[in-house]
Amino acid sequence: MKKTTHYSRGFTLIELMVVLVIIGVLAALIVPNVLNRADDAKVTAARTDVNNLMTQLKLYKLDNQRYPNQEQGLNALVQRPTTGPNAPNWRNYIDKLPKDPKAEYMKIKMTKKELKEVIREQIKSLTK
């Protein structure tokens with residue numbers, strides 16, 4: 001009678017390295033696409049918020065025959081303005097102002113003068 005021995009067979013180092021390389025290549029191809037989707041969603045959310053604000057500002061102008069002035073700002077859409085020109089037909093246009101979805105990691109360094117210029121340009125584009 002011949003005695004047979006069974007060797008436990010496992011994976012060689014080369015086989016493990018090939019599998020790890022394949023997983024690494026797949027991860028390198030897939031992970032950037034997934035991360036870009038999150039950024040795309042934030043950009044889309046910001047665009048939607050801006051479009052909603054523009055629509056509500058147009059409704060404000062239809063009701064009150066003018067846009068809110070700089071002093072009143074976008075808060076005039078949330079609560080009745082107490083300063084500046086009167087808004088006789090004011091109504092609640094939005095519940096709260098939207099937050100910038102990218103603000104948590106995208107901090108923009110801007111002087112007050114630069115910020116005022118950006119706001120002026122946005123107001124000019126609304127009055128056209």
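The values are calculated or read from the model by the stated rules, or taken from the named source; none is laboratory data. For clarity, every value in this text was computed on a predicted model and none was experimentally measured. All Cβ positions, glycine included, derive from the backbone under ideal geometry; neighbour counts span all protein chains shown. Accessible surface is based on the protein model in full, side chains and every heavy atom, while ligands, DNA and RNA are left aside. Shrake-Rupley method; radii C 1.70, N 1.55, O 1.52, S 1.80 Å.
Residue ranges 75-81, 13-19 sort as 75-81, 13-19 when ordered by packing (mean number of other C-beta atoms within 10 Å per residue, highest first). Sparsely packed loop sites in the stretch 33-104 (the trypsin sites (Lys or Arg not before Pro) outside DSSP H, G, I, E and B with at most 15 other Cβ atoms within 10 Å) comprise Arg66, Arg91, Lys96, Lys99, Lys102.
Heavy atoms of the protein chains alone define the surface here; on that basis the stretch 16-96 has 72 Å² accessible area per residue at 1.4 Å probe size.
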